[in-house]
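Each value in this text was obtained by applying a stated rule to the coordinates, not by laboratory testing. Not measured: the values here are computed from a predicted model. Cβ atoms come from the backbone with ideal geometry, glycine included; neighbour counts cover every protein chain shown.
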Amino acid sequence: MPEERGRDADQQARDAFATRVVHAGGEPDALTGAVSPPIYQTSTYAQDGVGRPRHGYEYARTQNPTRERLERAVADLEGGAFGVAFASGSAATATLAELAAPGEQLVVGDDVYGGTYRFFEQVARPRGIDARYVDLAGGDAGRLAAALGERTRLVWFETPSNPLLKVTDIAWVAHAVHAQVGARGAAPIVVVDNTFASPALQRPLELGADVVFHSATKYLAGHSDTVIGVVVTSREDVAAQLRFLQNAIGAVPGPQDCFLALRGLRTLALRAERHATNALAVARFLAGRDDVAWLRYPGLADGRFAHPQAAVAARQTAAGGGMVSFVPAAGGRHGRSARDRAVAVCESTRLFTLAESLGGVESLIELPAVMTHASVATSPLEVPEALIRLSVGIEDAADLVADLATALDEA
């Protein structure tokens, strides 16, 4: 049966984020009172008569109570009205791209996940949907205005971006875009990928975005044990279309994955705080080394590696987040090139696991150019070959710094 709302909605809206994250979508089971809600591991539902589904439940691709809890929870945390869950962040990307029709245009931030670029270029473009990549983090009003046109349907960006950690002023972009007339005689839809920040640190809908989405595999679930995506909006028309596409395309998450993401959400506030504290410690350590040539962390506001959009980051996010990117300088004890040193660092850390993905409790390290961003090689979005991306976990900060220090010293 549909889950009952366990707490007064008005009171819930007044609760602090750290309280809401524990309770959102986590109401005790309406049938038994179970504090840990059941996983509805079913593909179909008995109906009370022909054309009379019980409580509206017909088939699990279309409705599932566990999935509905997750959708409601993430919508609550993002300050939105509607949540729609998908089998992965990439499935969410593909479905959102369906909001644009052939002949229409996407304006996209010029630093995005390699899989997003791959979809836009190898799937959407052959279907007649044109993606135009623009540096939105620079705050250049003329550049943004020049990119928008009567065919623009979506304006899409990540902030912080993957892997260069560019920070885009969400409110500025939303205000500028909503003042324009794009495809279908309407203002373009502003879509923000909030994967790197999570609603614990940043809520794009509250800053004017129309749609926010996540690879919930990352910080929302937080334990590297599920693959899942979630989209949130307060626009009823967009939500209705996404619901239709969710059912028609069928790229929905299973109930076990929804349960794991829900369980991970309960500690999001605590984890986000620790990720950010540790990442800042790691960034400061790297900033103090002579053998680091380039470094980006949104929480660094001063020094030679001060983030160029640090003021924007401080204004729209609660902390710098858990991601750090850097390039080691050429040289080192073996006289290696910057790329060879980067490979050596990635292959020699003890606590930072060499792996793709991010946002889990454990620290990860990778070389985006040949891992998560191999698909942007030779394109205008190509990332530096020696760039190292760190997903800083919740371990002891001193241990993480010592691990990196050893790896850099030996590289």
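Computed values, structure above
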read-out: Spin-label model distance (nm) - GLU98 vs ALA16, 7 Å beyond Cα toward Cβ; value: 4.1 nm
read-out: Two-site label geometry, ARG125 and ALA301: point separation in nm, points 7 Å out along Cα→Cβ; value: 4.0 nm
read-out: Residues ILE394, ILE388, ILE365, sorted so that the one with the fewest Cβ neighbours within 10 Å comes first; value: ILE394, ILE365, ILE388
read-out: Euclidean distance of C-alpha centroids, the range 230-309 and the range 55-92, integer Å; value: 19 Å
read-out: The chain, relative contact order [Cα under 8 Å, separation at least 6], %; value: 16 percent
read-out: From the coordinates shown, Rg and Dmax of the Cα atoms in Å corresponds to which of (1) 21.1, 61; (2) 28.2, 91; (3) 21.6, 76; value: (3)
read-out: ALA240 paired with ASP225, simple spin-label distance in nm, labels 7 Å along Cα-to-beta-carbon; value: 4.0 nm
read-out: Spin-label proximity, HIS23 to the range 267-296 - amide N less than 19 Å from point 7 Å beyond Cα toward beta carbon; value: 267-270
read-out: DSSP-defined beta bridges in the chain - what % are antiparallel, rounded to 5; value: 55 percent
read-out: Förster-model FRET efficiency, 41 Å R0, ASP399 and GLU206, C-beta, rounded to 0.05; value: 0.70
read-out: Distance-filtered residues of the range 245-273 - backbone nitrogen under 19 Å, label point 7 angstrom along VAL361 Cα→Cβ; value: 257-273
read-out: MRE, 222 nm, helices only [DSSP H, n ≥ 4, -39500 (n - 2.57), over the chain, to nearest 500]; value: -10000 deg cm²/dmol
read-out: Folded to 0 to 90 degrees: helix 65-78 orientation relative to the chain principal axis, Cα; value: 50 degrees
read-out: Karplus-derived 3J(HN,Hα), 6.51/-1.76/1.60, for each residue of the range 190-197, Hz, glycine and proline x; value: 8, 10, 10, 7, 9, 4, 6, 9
read-out: Residue with peak Gaussian network fluctuation, the chain [Cα springs, cutoff 10 Å], from GLY360, GLY33, GLY322; value: GLY33
